[in-house]
Amino acid sequence: MTTLLAHGIGGRQDLPIPFAFAVAGAALALLVSFVVLAVAWRVPRLDGDAHGRPLPSWVTTAVDSPALRWVLRAVGLLLVGYTAMAAYLAPDLATNPTAGLVYVVFWLGLIPASFLLGPVWRELNPIRTIHLLLARATGSTPEEAGLRPLPPWLGAWPAAAGLFAFAWLELVAPDRATTPVIRIFFTAYLGVHLLGAVVFGSRWLDRGDAFEVFSQLIGRLSPFGRRPDGRIVVRNPLANLAGLTPAPGLAAVVCVLLGSTAYDSLTGSPSFVRWYQSSPLGTTGAGTIGLLGAVLVVGAAFGLATALAGRATGLPSRSMPGALAHTIVPIALGYLVAHYLTLFVLEGQRAMVAISDPFSDGSDWFGTAGRGVDLSILSHQTMIASIQVGAIVIGHVLGAVAAHDRSVAIFRPGRVVAGQLPLMVLMVAYTVTGLLLLFAA
Amino acid sequence: MARPVRSRRFGVRELATIVLAVITVIGLAACGPDPSGREGRGERTPRGESTPKESTPKGTAGADPSSTATTTPPPTTAPGATVAPTALNPKSVKITITAGDVKGAPDRLEVVIGQTVKITIKSDVADELHVHGVEQTLALPAGEQVQLEFVVPPEPGPGVYAVELHTSARLLFGLEVR
């Protein structure tokens, strides 16, 4: 996101982390991996969706109440409606809030929101609301409103494609911070997913909408979940994560997330940028290939590790990616935190200033127009580096624990270590790459 | 696949223990002496950061903004050493752009707050030079050598800022402010 915003501090990256931090992080990740492999428990302890400490029943009643649902839907429509207004009606200046709202407040903001509260985008998603209203108008329920059953092989593949398209928009597309480009993307996105929901019912959005799936994945690391009977419970986030229902393509979603973040980090390296800027394919062509390459490398490594795990344990290799995809989610979250923390803090503030004056005519809608950007986070460089390394390492540790627990659950006793080893090597590779990118890119 | 009926669950307590352990170790790494961060990236020239960290409290090491602004010599020097005079010498780069080919640009130019930066630049086509963060711009007339000179301001603060050409949307180098 080096050149995301034409002015201000958009063209900023964090300082490289000190070498000692990178080494300490990598050493810790290795150490924890071996400890988990060698001495951890031998029976599964993360019991997925079955358990959890139930919250008082009024919590479930309140959260599920139609009134709250409609309030949330209205909030979602308002937020997206405001952004659409800025994108369609306001002049396309550096002070236009659209890019900040889309790339920072919405996309990066979904991470803390989902991490704290669970899959929030499902409740706010205006596509879901529009589809619901359409279904009501035709007298059916949104789940049944589809014309055809959703083919089971489709799974989360549409979400993986949608996420890749969004990553391309954010990181590669020419003029990606301008309103016409953002407009085209989201108009097409709305069209595709509304059509998907009309054809397949609202089930399409559960697995096909990239932002809903993203919010679901991050939300699995929140402390909140539901029991099979619908009751809202508080549970260990790792148990929450283990309860993720495998679906075809879910692993691809995680790989797109990890690969695109790594690519973004790579494009901070001037030698890399110079290489692709002088490529005969042009900046966009080379960027597209670079992004696709990063995602494919991450995906191929995951595919190889899971295939080796399958071979080592005699389980069908085809079932492995689905059974293990959730273990990469904490690692992807660690990458996201490490790469976007300061950007979120700084550009998020800038967006809050920009929303008060969307038409750049000197108005002050929300009283924030005159505010500056508080830069004090930048005077804590050691803290920033510590959080970056900490996020990557904690992501690794949680991934390793989740992988171990799943391994003892699905592999025969005696083959557990053999089955787990490829995934551990993969995780160490992801983590060391993440640290290297923070150090060198 | 016989399993004990009752398996201990991996609970919030275990999770918290792991997370706390990682934070502690990272915190220790942050507070410890940090020679390799400077040595490991050999070619790089003097750092603005790094007051000696042994005495700094955990978690806030190096957090004092003034430590970022002043310059200390390499970490082998005793605590309390004075500012190395060489560090505040102006930093100069000379860049030539011919037919889209950039010559003379470093990958990163490392500077500290308060240091003078001189960018001498010549482009065969008219363009505009833009230094992000410190927000300096300079019109580049076609075929003419021009110079941008500025002192790195304390704001926005440490980070790597893109130095680019606006019209051709090319990244020249990263201005690494410490």
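The values are calculated or read from the model by the stated rules, or taken from the named source; none is laboratory data. Everything quoted here is computed from the prediction, not taken from an experiment. We place every Cβ from the backbone using ideal geometry, glycine too, and count neighbours over all the protein chains shown.
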Next on the checklist: Can you tell me which condition A:A173 does not meet? The list is (1) under 25 Å from A:A323 (Cα atoms); (2) outside any helix (DSSP H, G or I); (3) not charged (D, E, K, R), and all the others hold.
Outcome noted: (1)
Item to check | Flag if A:S215 is at pLDDT 90 or above and closer than 25 Å to A:A84 by Cβ | outcome: yes
Next on the checklist: Tell me whether segment A:108-131 contains one or more residues that are farther than 30 Å from A:A351 by Cα, of a type in the set (A, V, I, L, M) and in contact (Cβ under 8 Å) with a residue 24 or more places away in the chain.
Outcome noted: no
Next on the checklist: Looking at segment A:50-68, can you tell me whether even one residue there is closer than 30 Å to A:G348 by Cα and within 14 Å of chain B (Cβ to nearest Cβ)?
Outcome noted: no
Checklist entry - Of the conditions (1) surrounded by fewer than 20 Cβ atoms within 10 Å (Cβ to Cβ); (2) farther than 28 Å from A:G322 by Cβ, A:I182 fails just one. Which one is it? => result (1)
Next on the checklist: Can you report the number of residues in segment B:127-154 which are within 17 Å of B:V117 (Cα to Cα) and charged (D, E, K, R)?
Outcome noted: 2
Checklist entry - Given the conditions (1) within 14 Å of another protein chain (Cβ to nearest Cβ); (2) buried (at least 19 other Cβ atoms within 10 Å of the Cβ); (3) closer than 21 Å to A:L437 by Cβ, and given that A:T313 satisfies all but one, which numbered condition is not satisfied? => result (3)
Checklist entry - (1) touching a residue at least 24 places away in the same chain (Cβ under 8 Å); (2) more than 21 Å from A:L147 (Cβ to Cβ): which one isn't true of A:S202, the others all being true? => result (2)
Next on the checklist: Could you go through segment A:316-329 and let me know if any residue there is within 18 Å of the chain's Cα centre (by Cα) and more than 30 Å from A:L154 (Cβ to Cβ).
Outcome noted: no
Checklist entry - Filtering segment B:125-155 down to residues that are in contact (Cβ under 8 Å) with a residue 12 or more places away in the chain and at positive phi, which residue is farthest from the chain's Cα centre (by Cα)? => result B:G143
Next on the checklist: Residues that are outside any helix (DSSP H, G or I), under 21 Å from the mean Cα position of the chain (by Cα) and either crowded, with 24+ Cβ neighbours inside 10 Å or of a type in the set (V, I, T) (or both): does segment A:185-201 have at least one?
Outcome noted: no
Next on the checklist: Could you check segment A:277-293 and list, in sequence order, the residues that are within 26 Å of the chain's Cα centre (by Cα) and either at pLDDT below 85 or of a type outside the set (S, T, Y) (or both)?
Outcome noted: A:T283, A:G285, A:A286, A:G287, A:I289, A:G290, A:L291, A:L292, A:G293
Checklist entry - Which one of these does A:R235 not meet: (1) within 24 Å of A:M427 (Cβ to Cβ); (2) in contact with a helix residue (DSSP H, G or I) (Cβ under 6 Å, 6 or more places away or on another chain); (3) crowded, with 24+ Cβ neighbours inside 10 Å? => result (2)
Checklist entry - Would a scan of segment A:144-151 turn up a residue that is without any contact (Cβ under 8 Å) to a residue 40 or more places away in the chain, out of contact with any strand residue (DSSP E or B) (no Cβ under 8 Å at 6 or more places or on another chain) and closer than 19 Å to A:L250 by Cβ? => result yes
Checklist entry - Looking at segment B:156-174, is at least one residue out of contact with any His (no Cβ under 8 Å at 6 or more places or on another chain), free of Cβ contacts under 8 Å to residues at least 12 places away in the same chain, surrounded by 16 or more Cβ atoms within 10 Å (Cβ to Cβ) and assigned to a strand (DSSP E or B)? => result yes
Checklist entry - Which numbered condition trips up A:P174, out of (1) modelled with pLDDT of 95 or more; (2) within 14 Å of chain B (Cβ to nearest Cβ)? => result (1)
Item to check | Complete set of residues in segment A:161-188 that are touching a Phe, Trp or Tyr at 6+ places or on another chain (Cβ under 8 Å) and closer than 19 Å to A:I130 by Cβ | outcome: A:G162, A:R183, A:F185
Checklist entry - Applying the selection to segment A:1-56, what residues are within 27 Å of A:P223 (Cβ to Cβ), in contact with a strand residue (DSSP E or B) (Cβ under 9 Å, 6 or more places away or on another chain) and at pLDDT 80 or above? => result A:H51, A:G52, A:R53, A:P54, A:L55
